[in-house]
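Take a look at the structure below.
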Amino acid sequence: MALRLDSALCWAVLVQLLGLQILAEPLKEAPIRLSVVSDVSNEAPQLYHTSALPRGSLLGALRRLQDASSDFKFTVTEDPDYGFYLESVNGVAGSESDHTFWQILTDVHGSPTPIDVGVGCYTPKPYEHIILKLTTW
């Protein structure tokens with residue numbers, strides 16, 4: 001019994017020294033807004049709401065939205081060197097022959113800017129506005 005108590009105390013001290021936290025409750029999801037827009041067609045923008053886990057990826061948030069909403073669908077393609085990239089949104093795919101692709105932007109301060117990593121690496125911030133934009137190159 002003394003050995004078990006010593007082990008438990010050592011573990012507790014180690015956890016505190018390393019700054020580790022033992023989570024007693026699940027991680028809280030942070031809401032994000034998602035707009036789907038097109039430079040190619042005259043369709044009205046589509047607005048969705050989803051959530052991301054703390055330090056979770058945009059890919060996870062999109063999958064959560066797809067599971068919860070029947071009117072949002074997307075596909076990704078995985079490149080072994082560069083990771084996931086957005087292939088289609090709501091049935092519309094980027095096209096090499098039409099020179100179109102899905103660009104991912106973030107609009108935090110009213111000025112949309114492209115994200116600098118892919119959908120599988122980007123970590124949305126709480127209340128962030130993400131824009132999936134079909135555009136040309």
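Check Tyr127 against each of (1) without any contact (Cβ under 8 Å) to a residue 40 or more places away in the chain; (2) exposed (fewer than 12 other Cβ atoms within 10 Å of the Cβ); (3) under 15 Å from Arg33 (Cβ atoms) and name the one condition it does not meet.
In the conditions (1) without any contact (Cβ under 8 Å) to a residue 40 or more places away in the chain; (2) exposed (fewer than 12 other Cβ atoms within 10 Å of the Cβ); (3) under 15 Å from Arg33 (Cβ atoms), Tyr127 misses (1) alone.
Would you please list the contacts, defined by Cβ atoms under 8 Å and residues six or more apart or on different chains, that run from a residue in the stretch 104-116 that is touching a residue at least 12 places away in the same chain (Cβ under 8 Å) and over 20 Å from Leu134 (Cβ atoms) to a residue that is open to solvent by less than 70 Å² (accessible area, probe 1.4 Å) and assigned to a loop (DSSP other than H, G, I, E, B)?
Val108/Glu128
From the residues in the stretch 121-137 that are part of a strand (DSSP E or B) and of a type outside the set (S, T, N, Q), which one is farthest from Lys28 (Cα to Cα)? Reasoning before the result, please.
Of all residues in the stretch 121-137, those part of a strand (DSSP E or B) come to 129-136.
Add one more test, that the residue is of a type outside the set (S, T, N, Q), and what stays is 129-134.
Working: His129: 18, Ile130: 19, Ile131: 23, Leu132: 24, Lys133: 28, Leu134: 31 Å.
Selected residue: Leu134.
Can you tell me which residues in the stretch 74-104 are aliphatic (A, V, I, L, M) and either more than 21 Å from Arg55 (Cβ to Cβ) or within 11 Å of the chain's Cα centre (by Cα) (or both)? Walk me through it before giving the result.
Taking the stretch 74-104 and keeping what is aliphatic (A, V, I, L, M), we get 76, 86, 89, 92-93, 104.
Answer for the stretch 74-104, where residues must be aliphatic (A, V, I, L, M) and either more than 21 Å from Arg55 (Cβ to Cβ) or within 11 Å of the chain's Cα centre (by Cα) (or both): Val89, Val92, Ala93, Ile104.
Output the strands (runs of 3 or more DSSP E) that fall wholly within the stretch 1-120 and possess 1 or more residues being among the acidic types (Asp, Glu), modelled with pLDDT of 90 or more and open to solvent by 100 Å² or more (accessible area, probe 1.4 Å), or say none.
74-79
Please count how many residues of the stretch 33-66 are among the small types (Gly, Ala, Ser) and within 8 Å of the chain's Cα centre (by Cα). Quick ask: steps written out before the conclusion?
To start, the set of residues in the stretch 33-66 that are among the small types (Gly, Ala, Ser) comprises 35, 38, 41, 44, 51-52, 56-57, 60-61.
Now drop any that are not within 8 Å of the chain's Cα centre (by Cα), which leaves 52, 56-57, 60-61.
Residues that pass the stated criteria total 5.
The values are calculated or read from the model by the stated rules, or taken from the named source; none is laboratory data. Values in this document were obtained by computation on a predicted structure and should not be read as measured data. Cβ atoms come from the backbone with ideal geometry, glycine included; neighbour counts cover every protein chain shown. Ligands, DNA and RNA are excluded from the accessible area calculation, which covers all protein heavy atoms including side chains. Shrake-Rupley method; radii C 1.70, N 1.55, O 1.52, S 1.80 Å.
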